[in-house]
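Chemist: Okay, handing you the structure first.
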Amino acid sequence: MVDFFILFFIKATIVLSIMHLSGIKDISKFAMHYIIEEIDEDTSMEDLQKMMIVALIYRLLVCFYEIICIWGAGGATPGKFLLGLRVVTCDTSVLIAPNRVLVIPSSNVSITTSTIRALIKNFSIASFFPAFITLLFFQHNRTAYDIVAGTIVVRRNGIR
């Protein structure tokens, strides 16, 4: 939820900036036209393309946010940090006790790995495939995008 609200405020700031720069004064007209517009038989291909571009830009913003946080901020978005979690590299994970897993190599995530993870995660969500549900089927609650990127979400040291 923390990450959702941070991204919501970033998105709102961008939308309001676009409105200001384009001279649009009526926020309800802008919202109805660009954000909440219903898709029906009267919706033109041009309008659909504009809506897709806005969605793509937002998805890329979310990817950039996650890449920077996972790679550059100690392996955690603000939401993960508050929950005592972080993302680390993982080639192998071995159950050593109930709720305890040995992760090898368990190092900080590189920018390349962070990018792969963020792109797979966010574009699978954008294509309506809930990639996070795969954690129910893989060992140690890893998602498909974690396995492909070679990462795992763990508790930070010192957090119980």
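The values are calculated or read from the model by the stated rules, or taken from the named source; none is laboratory data. Computed from a predicted structure; not experimentally measured. Neighbour counts are summed over all protein chains in view; Cβ atoms, including those assigned to glycine, are modelled from backbone coordinates with ideal geometry. Just the protein is used for accessible areas: all its heavy atoms, side chains included, with ligands, DNA and RNA removed. Shrake-Rupley method; radii C 1.70, N 1.55, O 1.52, S 1.80 Å.
Chemist: What residue, of 24, 39, is open to solvent by less than 100 Å² (accessible area, probe 1.4 Å), more than 30 Å from residue 111 (Cα to Cα), at pLDDT below 65 and β-branched (Val, Ile, Thr)? Reasoning before the result, please.
Modeler: Numbers: 39 fails: open to solvent by less than 100 Å² (accessible area, probe 1.4 Å).
Exactly one of 24, 39 is open to solvent by less than 100 Å² (accessible area, probe 1.4 Å), more than 30 Å from residue 111 (Cα to Cα), at pLDDT below 65 and β-branched (Val, Ile, Thr), namely 24.
Chemist: Given the conditions (1) modelled with pLDDT of 85 or more; (2) part of a loop (DSSP other than H, G, I, E, B), and given that residue 152 satisfies all but one, which numbered condition is not satisfied?
Modeler: Checking residue 152 against (1) modelled with pLDDT of 85 or more; (2) part of a loop (DSSP other than H, G, I, E, B), the one that fails is (2).
Chemist: Taking segment 65-104 as the region of interest, how many residues are among the acidic types (Asp, Glu) and open to solvent by 70 Å² or more (accessible area, probe 1.4 Å)?
Modeler: Qualifying residue count for the region: 1.
Chemist: Now for a different question. Quick one: in segment 79-129, of everything that is assigned to a helix (DSSP H, G or I) and farther than 18 Å from residue 142 by Cβ, which residue is modelled with the lowest pLDDT?
Modeler: At the first step, the residues of segment 79-129 found to be assigned to a helix (DSSP H, G or I) are 79-82, 111-126.
With farther than 18 Å from residue 142 by Cβ added as a condition, the list becomes 79, 81-82, 111-112, 115, 123, 126.
On the way: 79: 90, 81: 91, 82: 90, 111: 94, 112: 93, 115: 93, 123: 81, 126: 66.
Restricting to residues being assigned to a helix (DSSP H, G or I) and farther than 18 Å from residue 142 by Cβ, the top hit is 126.
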